[in-house]
1. Taking the condition farther than 22 Å from PHE290 by Cα and assigned to a helix (DSSP H, G or I), does THR395 pass?
2. Which residue is farthest from the chain's Cα centre (by Cα), if the candidates are limited to the stretch 403-419 and must be outside any loop (DSSP other than H, G, I, E, B) and free of Cβ contacts under 8 Å to residues at least 40 places away in the same chain?
3. Criterion first (aromatic (Phe, Trp, Tyr) and surrounded by 15 or more Cβ atoms within 10 Å (Cβ to Cβ)) does TYR92 satisfy it?
4. Contact list please: Cβ distance under 7 Å, first residue in the stretch 257-268 and more than 22 Å from THR395 (Cβ to Cβ) and hydrophobic (A, V, I, L, M, F, W, C), second residue assigned to a helix (DSSP H, G or I) and modelled with pLDDT under 75, pairs at least six apart or on different chains.
5. Give, as residue ranges, the helices (runs of 4 or more DSSP H) completely inside the stretch 60-165 that count at least 2 residues that are in contact (Cβ under 8 Å) with a residue 40 or more places away in the chain and under 23 Å from THR266 (Cβ atoms).
6. Please name all residue pairs, on different chains or six or more residues apart, with Cβ atoms under 8 Å, provided the first residue is in the stretch 272-284 and is crowded, with 20+ Cβ neighbours inside 10 Å and the second residue is among the polar types (S, T, N, Q) and at pLDDT below 75.
7. Being surrounded by fewer than 23 Cβ atoms within 10 Å (Cβ to Cβ), within 21 Å of LEU34 (Cβ to Cβ) and hydroxyl-bearing (Ser, Thr, Tyr) narrows it down to one of THR294, THR302, THR266, so name that one.
8. Among the numbered criteria (1) assigned to a helix (DSSP H, G or I); (2) surrounded by fewer than 24 Cβ atoms within 10 Å (Cβ to Cβ); (3) modelled with pLDDT under 90; (4) not β-branched (Val, Ile, Thr), which single criterion is violated by LYS388?
Amino acid sequence: MSKTKSSVVKDLTAGPIGRGILAFAIPLFLGQLLQQLYNVADAWVVGNFADNNAFAAVSSTGSMTFLVIGFFNGVATGGGVVISKYFGAKNYAAVDKAVHTNFLFGIIASVLATGVGLAIVPWLLRIMKTPDEVMPESLTYLRIYFVGVSTIIMYNIGMAIMRALGDSIHPLYYLILSSIVNIILDLLFVAVLGWGVAGAGIATVIAQGISAILCIVRMCRLDGIGRLRLSSLKYYPDYMGEVIAQGLPNGVQNSVISIGNMVVQTNINSFGSYAMSGVGAYSKIEGFAFLPITSMSISLPTFIGQNLGAKKYDRAKKGAAFGIVSGVLMAEIIGVIFFNFAPQLLRLFVNVDEAVLIGEGHAKRISLFFCLLAFSHCAAGVLRGCGKSIVPMITMLAFWCGVRIAYVTITLHFIPRFSVISWAYPLTWSLSSIVFLLFLLKSDWVHTFEKKKQKA
């Protein structure tokens, strides 16, 4: 195999650490920003050109789709760690096998996600107590979504492969194009042709399909490392085992946490429509505010994986420290802004005084603790990069799901105040941060790959 690095925008095993991480993270940030705008645009078109039931159907399905998609995309993350490790070690033959294994997993995942999604959609909608007047629209949207779910999975697989090799630029280009296509098709199908939720679903599938095709074409046209040859797709048991071992914990984590969020949302709903609106508005703002934090946490597995693969242990430690400190500082700056300007920010989405008041209280109880959330996310990114994905899974499931649900359910029984729900987040972020800090300080995480090799 030619050893050209034509597929790599940035080799993260050399050069200034901070500059390298930021150069990799910024395109990720812009991509996620576009994804948020993508979702907002979707909701805006449906909300303005379809009826209320259509808007309710589209806007209320996020947790259900993430339950399935989050699992498979989480597993794909494991493939990225495996690829980045072998790339850092300059083992290009292993990179080739890992790339093809990850792509094959994407095909298998697409079939499974389609079947599982279509099978559980009616059941989930009933469990979530979807109103009868919204049920037909929700079923239509979700069925179209899951029929075309392979486009979403294959784009994320392609993105994970490119990202593992240092290329965070091309996935951004493809997302820009798909976002533009999605908006145009939304306007055409929903506003002009009047297809309602069906139009929104079809627009999403087509737009995601374009980005997936572009990723595949890009990988097929590479000259060297990371080149995809569809005729060479083959099942490699050892590499598939690595992908599953690295990614399954993250996949399980994503799905179970989404279930936990559904339970918490049920408790929020019990406080009435103003609470739902206030927290809903807060969540929309929070989605944008967390983008810098998320981008940094996503960058760290690739950086850590490449450098540990290259046996550059000190560089991996310094990169981990830079990423965690940067993430924490950005989070706290954002938190202070939230704390001081919560009412103004909330009124961008909701103008009802009662809802704004609840949302403001929620924001002020949480926002100054964003630093803990950032620490947990970035520390989890470091541990995934070194192959310890089981640690973030157990930690976040224990605290962000188990403790959070137990605390809210039990405490609300004795203290029926909305503030109880708000304090659940700083509490569980604190607990997970303590565990991650102890693990990073006490464990020899930089030699994880060597220890696994010795055991094998």
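1. no
2. PHE414
3. Yes.
4. Listed pairs, sorted by first residue: ILE268/MET276.
5. 62-88, 92-127, 135-147
6. Final answer for the pair search is ALA275/ASN269.
7. THR294
8. Only one criterion is unmet by LYS388, namely (1).
The values are calculated or read from the model by the stated rules, or taken from the named source; none is laboratory data. Keep in mind the model is a prediction, meaning the values are calculated, not measured. Note: ideal-geometry Cβ built from the backbone for every residue, glycine included; neighbour counts use all protein chains shown.
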